[in-house]
1. Rounded to the nearest 0.05, what FRET efficiency is calculated for A159 and Q46 with R0 set to 25 Å and r the Cβ-Cβ distance?
2. Which entry in (1) 60, 41, 28; (2) 52, 48, 33; (3) 88, 41, 29 matches Cα extents along the principal axes in Å derived from the coordinates of this structure?
3. Please report, largest first and rounded to whole Å, the three semi-axes of the ellipsoid equivalent to the stretch 133-185, where each semi-axis is the square root of five times an eigenvalue of the C-alpha gyration tensor.
4. Would you calculate, for the chain, the mean residue ellipticity at 222 nm contributed by helices, counting each DSSP H stretch of 4 or more residues as -39,500 (n - 2.57) and dividing by all residues, to the nearest 500?
5. Ignoring ligands, DNA and RNA, what percent of the 1.4 Å accessible area of the chain is carbon and sulfur?
6. Give me the 1.4 Å probe accessible area per residue for the stretch 38-185, excluding ligands and nucleic acids, in Å².
7. Against the longest principal axis of the chain, how steep is helix 2-24, in degrees 0 to 90 to the nearest 10, with axes from Cα atoms?
8. Over all pairs of distinct alpha carbons, what does the Kirkwood formula give as the hydrodynamic radius of the stretch 69-119, in Å?
Amino acid sequence: MKRTLVLLTAACLAATAAHGAGAATKAPKPVTATYYFHGVNALGNQDQAGLPGSLMTADKKKPTGTSDKNFVFYGLGASPNTQCAGNSLFPNWIAPATGNLTGTAKVTIFGQGSGVVKVQIFADVEAQACNEAYPTPLGEVSVTLPAAPGPVTVSIPIAKFGKSPGKVSSSFTVQLLPTLVPPSVQRAIYDSAASPSSVTVTCIPKVGKKTC
């Protein structure tokens, strides 16, 4: 009888351990979140100096302020350099995340312009990375900003590159890149209750995590 109880106890413990191991390795479910674009100064051009940590930020807190922030940027034929992620001359917002972006991201930009803007998403770009250091975007789509201030929304498929498609180690960055020809002037408007520019992404968290 005692031997039987010992065997039953061992079997229960083994089953419990196996169940726990299975639960621990269960694939995390994709989560969808919206990150809103923020700035410090009323003119966002003052926020970015091309140094680490100088990009504007995005987080899940929806803006409630009454005053818009603006970032004016240009496409001038031969400049600025379009092979440059985290370019201090273009609007950039960096959002914290760890996991794998997947599916289709949606970016809503309140803005105004006279030409086409490319909306780009990069993984782990926290300062300027240009020319040889220029990373392949996770996704990008072109859109024409309205002539009068207003919102536009674009859908950006996340490309499946490498062994870990869409992988972000600590952050992802949204950049607005103007086309150079013909010359154009653009304005991004954000960080207010009236102009809550944002990006919505779906992310697969790391194993053992519920969020990215």
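1. Numbers: r = 33 Å, r/R0 = 1.31.
That gives a FRET efficiency of 0.15.
2. Answer by label: (3).
3. Working: eigenvalues 144, 38, 21 Å².
They are 27, 14, 10 Å, listed largest first.
4. Details: 1 runs with 23 residues, N = 212.
Mean residue ellipticity at 222 nm (helix-derived): -4000 deg cm²/dmol.
5. Numbers: 6700 of 11030 Å².
That share works out to 61 percent.
6. Details: 6930 Å² over 148 residues.
Counting only protein heavy atoms, the per-residue value for the stretch 38-185 is 47 Å².
7. Between the helix axis and the principal axis of the chain, the angle is about 10 degrees.
8. On the way: mean 1/r = 0.0734 Å⁻¹.
One over the average 1/r among Cα pairs gives 13.6 Å for the stretch 69-119.
The values are calculated or read from the model by the stated rules, or taken from the named source; none is laboratory data. Keep in mind the model is a prediction, meaning the values are calculated, not measured. FYI the Cβ positions are ideal-geometry reconstructions off the backbone, even for glycines, and counts take in every protein chain you see. Just so you know, the surface numbers come from the protein's heavy atoms only, side chains and all, with ligands and any DNA or RNA stripped out. Shrake-Rupley method; radii C 1.70, N 1.55, O 1.52, S 1.80 Å.
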